[in-house]
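Just so you know, all these numbers are worked out from the coordinates, no wet-lab data involved. Fair warning: this is a prediction, and the values are worked out from it, not measured in the lab. Here the Cβ positions follow ideal geometry from the backbone for every residue, glycine too, while neighbour counts run over all protein chains shown.
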Amino acid sequence: MVYEGVLEKMPTEFAAEIQYYLPLQNGFIHLNQILNKEIQIQHTGFECLSCHANKKIFRQGFCYDCFYKNPEAGDWIMKPELSKAHLGVADRDLAYEQKVQLQPHIVYLATSSDIKVGVTRKTQMPTRWIDQGATGAIPLIEVPNRYLAGITEVALKDFYTDKTSWQKMLKNDVGTFDLLSEREKAFTHLPDEVKPYFETTAADLFTFNYPVLQYPKKVSSLNLDKAPLYTGVLMGIKGQYLIFEDGTVFNIRSNEGYKVRITL
């Protein structure tokens, strides 16, 4: 069976075992159902997720021009402390920024390699944690806008990393942590202006089980620009990565906008 289309972030389903889907132009692949089977991935071109032109992808699925003008790629996406919609100040598109920034946000602790602090819109729970390959996660505070979440994350970066070690995550090299205890410790490091939100935030502990038959001991990332044709046996899916028998891993998210032909 041959599937063709443009890569975009894999939709997931939070279940006893996380379910993964890869939507393409002529159908979708339920990846859990093809574990331990051979897959061929061929890079056939590009399609910017914004202008849809066949132009080299620069970042986040966008071509160079769209990356620097699309509101979905503003600096406040990666650095929520730069959010200004609560002040009525536009970055690129105030209407879009108000829609996204002025809604409940969660600051959380998660374990994908070490303990990580992060920010997500409340509507993205638990998808955000699945996408980063977290084995566990717990909300710290729920605040009404992205700016407050951002300044909280900045304060907590002195005590927790804000990055996931993708190699450790994919090798399942994750320590054992007590997130409930860590949540209590984190309270003392919160900025005073957000501490009132701590007591009103539900401390629900989330755990995640990924469809992985075999974790690799070493990982090597597939780069479609350098290796436009790859064939391997799929052994697992974790985060937004496909894991193959030979230790090759393929990050779907970082290849958004790449056109591919996938043969099963």
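Any idea what the relative contact order of the range 216-264 is, in percent, if you count C-alpha pairs under 8 Å spaced at least 6 apart?
In percent, rounded to a whole number, it is 35.
Quick one: what does P(r) look like for the range 217-264 with 10 Å bins over all Cα pairs, in whole %?
Calculated over all Cα pairs of the range 217-264, the distribution is 24, 63, 12 percent.
For the chain, modelled as a Gaussian network with Cα springs under 10 Å, which listed residue fluctuates most, Val100, Val117, Val89?
The residue with the greatest mean-square fluctuation here is Val89.
Loop-only trypsin sites (Lys or Arg not before Pro) in the range 166-264, please: DSSP not H, G, I, E or B, and at most 10 other Cβ atoms within 10 Å. Before the final figure, lay out the partial values.
Working: sites: Lys168, Lys171, Arg183, Lys185, Lys217, Lys218, Lys226, Lys238, Arg253, Lys259, Arg261; in loops: Lys171, Lys217, Lys218, Lys226.
Answer by residue number: Lys217, Lys218, Lys226.
Tell me, rounded to the nearest percent, the portion of alpha carbon pairs in the chain spaced more than 23 Å apart.
56
Rank Thr176, Thr231, Thr111 by mean-square fluctuation in a GNM of the chain with C-alpha springs under 10 angstrom and give only the top-ranked residue.
Residue with maximal mean-square fluctuation among Thr176, Thr231, Thr111: Thr176.
At 20 °C and 1.002 mPa s, grab the translational diffusion coefficient of the range 74-207 from Stokes-Einstein with a Kirkwood Rh over Cα pairs, rounded to a whole number in µm² per second.
143
Pop a pseudo-label 7 angstrom from the Cα along the beta-carbon direction at both Glu38 and Thr207 and give the gap in nm to one decimal.
About 3.8 nm, to one decimal.
Helix 146-156 versus the longest principal axis of the chain: what angle, 0 to 90°, nearest 10, using Cα atoms?
90
Could I have the simple spin-label model distance between His86 and Lys226, label points 7 Å from Cα toward Cβ, reported in nm to one decimal?
Simple spin-label model gives 4.3 nm for this pair.
Using only Cα atoms, locate the centre of the range 3-69 and the centre of the range 187-264, then give the distance between them in Å, rounded to an integer.
Comparing the Cα centres of the range 3-69 and the range 187-264, I get a distance of 13 Å.
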